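Reading through the structure tokens given below for one structure.
The values are calculated or read from the model by the stated rules, or taken from the named source; none is laboratory data. Since this is a predicted model, take the numbers as computed values, not measurements. As a convention, Cβ positions derive from the backbone with ideal geometry for all residues, glycine included, and neighbour counts pool all protein chains shown. Please note that ligands, DNA and RNA were not included when accessible areas were found on the heavy atoms of the full protein model with its side chains. Shrake-Rupley method; radii C 1.70, N 1.55, O 1.52, S 1.80 Å.
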Amino acid sequence: MSLENQNISVDQLCHVIDLLNPTIDDYIYLCDFQHDFFYISPHATERFSMTKNCFYGFDEGLEEFVWSEDLPALRQEIQDIIVNKERTNHNMEYRWRDQQGQPVWINCRGVIVRDDSNPLYMIGCINEIGEKQKADNISGLLGESSLKDYIDRLSSYKSHVYLLRLGIDDFGAINEKYGVEYGNTIIKKTAECIARCLYANQKLYRMIGDEFIVVDPSSKNIEDIIGLYKGIRQTIDYFVEENHYKAIYTISGGIFCVENINDYIYSDIMKYTEFALNEAKMKGKNTYYIFNDNDYQRFLKRRKLTQALRKSINQNFDRFGVYLQPLFYPDSNELFGAEALMRFDTDEFGAIAPKEFIPILEETGLIIPAGRWIIHQSLLMCKEIQKSIPHFKISINISHIQVTKSDLLSELLLAIDEYQVDPSTVIVELTESGILELDKNINKVWTQLSEKGVKLALDDFGTGYSNFHYLNDLKPDIIKIDRSFTSKAVQSEYDYKLLSLLSHMVHHLNLKICIEGIEIEEEREIIKTLAPDYFQGFYFGRPSAYQQFVDMFVKREN
Ligand code: C2E
Ligand code: CA
Ligand code: CA
């Protein structure tokens, strides 16, 4: 039943509003489109900058109390109500001005009563939303619950939307250095900088902490939204300059392009924008990143792997393994020893390559328990093998994280002692890149290990870092030449000569050289002419589980 059928006059409605006035905090309003007349609960005049609670000339009258920046959007909405015959509801969050001229966030809802073509009345209620935590009093912006409402609303009439999630880089440092109050000022100023770059239909929301989201249903292509990000960055740069560089900060942006908003649920949209912003920060901050599903799937896999690694470590390393790969003397083809290589297996993805899981272990610090575990496993295996081959060597890979973040030195020596393995049959392998990370620490650890008789190998030599001074400074016992170098040397004369010179130099310094990655007979023949000290590669034997290794290589020796 519609209002016009009930023959209720505008006067009667206004009277009802007056009657209700003492009973409610919210404001009831009536908009009479036919007579261009507006009426609101009388107590609105005590709160907002309006001189009368009723007036003719609706469009002009709004200017008295609607926050001027929100007027265009409101006028657009009223226009839509007038021309769009399908419209039966109005629901909008925007700002009015209070008596002091300050913005007050309100939510205005109403039902629209129309005849065949024109709206007759709109009647509804206005609530203040600031106090309900829908808006943020620091930035003066709407918060996440309003963002959700807006996205829900948007999905009924717009499908293609851009989202730009912005985050102040290293905001924690600003808070720490200048205090929370100044941090709040930066949030407020940043909100203003962002708002200054926006068009009327690009909406800005404050998220938790130092983050903001711009919802942009109007940009036509990705360049527009990138342009918006760059504009915001520049505006912040100007602010930093105007602020005499008191706090120098930057902003990162994660962009998510939504083709059809109805394909997504709100929480997923939030997850993708969060991921995008995080990637922008990972790219080095002060930059943007555009959401890409392949990257996101990789990220999810990595997260699952991290969980699986942690779980297995807590379950006594049940999904970890140690494979041994043999190293041989080139001339006699006699077994020199083995390199211990870590393995990890999952139900969901099967066996994971060390190149994939070792960096995760390093990043999370889980390399410390896992590295400790492989030291024990390797020494145990070595001890067993030495019962038949006493001079058998075990080579263990060590990550620089283990050196810097754990007491590797004493742990290794204790373990060697525990299994009663001769320290001179233990080799520690450290990559050149790892040594670069270690800087000064390395000399101390390296020297102390040497003093105990442990052998040291410089791994992955020739993969790009090659600082020859290490050969002299650290005096490793063995230089291991990476497969990438080996395969180049068998294909190009230049690289062969380079490897030959390197080999001479290493021998001249009284160090040993191990050539890795020999896969075929031809490679072995060519490399043999360089007189290496040890060979390692699939041609001689692939990494294999302990028992298989014993069957294939240990028993053969005896
Ligand atoms: P790496 O230390 O250079 O180990 C040698 C890698 O080369 C092994 O890969 C081995 O399977 C592979 N390889 C050996 N011969 C050949 C060959 O003829 N052809 C080819 N194409 N590859 C060959 P894997 O086991 O996948 O390990 C990869 C890397 O993961 C290792 O490289 C090492 O950096 C790291 N890693 C493995 N286990 C551990 C560990 O216990 N601790 C630490 N920190 N890193 C480890
Ligand atoms: Ca190695
Ligand atoms: Ca290597």
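Some points to look at:
- Residue selected from segment 373-401 under the condition touching an Asp or Glu at 6+ places or on another chain (Cβ under 6 Å), at pLDDT 95 or above and more than 14 Å from ARG343 (Cβ to Cβ), by the criterion surrounded by the fewest Cβ atoms within 10 Å (Cβ to Cβ): ILE389
- Positions within segment 499-529 being touching a residue at least 40 places away in the same chain (Cβ under 8 Å), over 21 Å from ASP473 (Cα atoms) and open to solvent by less than 30 Å² (accessible area, probe 1.4 Å), in sequence order: ILE527
- Condition met for ASN107 (under 30 Å from ILE8 (Cβ atoms), outside any loop (DSSP other than H, G, I, E, B) and polar (S, T, N, Q)): yes
- Among (1) within 16 Å of ligand 3 (Cβ to nearest atom); (2) at positive phi - the single one GLY365 does not satisfy: (1)
- The one condition from (1) open to solvent by 30 Å² or more (accessible area, probe 1.4 Å); (2) farther than 17 Å from GLY537 by Cβ; (3) within 16 Å of ligand 1 (Cβ to nearest atom) that ARG483 does not meet is (2).
- Tabulated pairs, segment 44-58, first among the polar types (S, T, N, Q), second open to solvent by 50 Å² or more (accessible area, probe 1.4 Å), C-beta under 6 angstrom, 6+ apart or interchain: SER49/ARG97; SER49/GLN99
- Scanning segment 404-437 for residues that are in contact (Cβ under 8 Å) with a residue 60 or more places away in the chain and within 16 Å of ligand 3 (Cβ to nearest atom) returns ILE427, GLU429.
- Subset of segment 340-370 [open to solvent by less than 10 Å² (accessible area, probe 1.4 Å) and closer than 19 Å to LYS393 by Cβ]: ALA340
- Within segment 72-89, the residues that satisfy the criterion of being out of contact with any strand residue (DSSP E or B) (no Cβ under 8 Å at 6 or more places or on another chain) and either part of a strand (DSSP E or B) or within 18 Å of SER218 (Cβ to Cβ) (or both) are PRO72, ARG75, GLN76, GLN79, ASP80.
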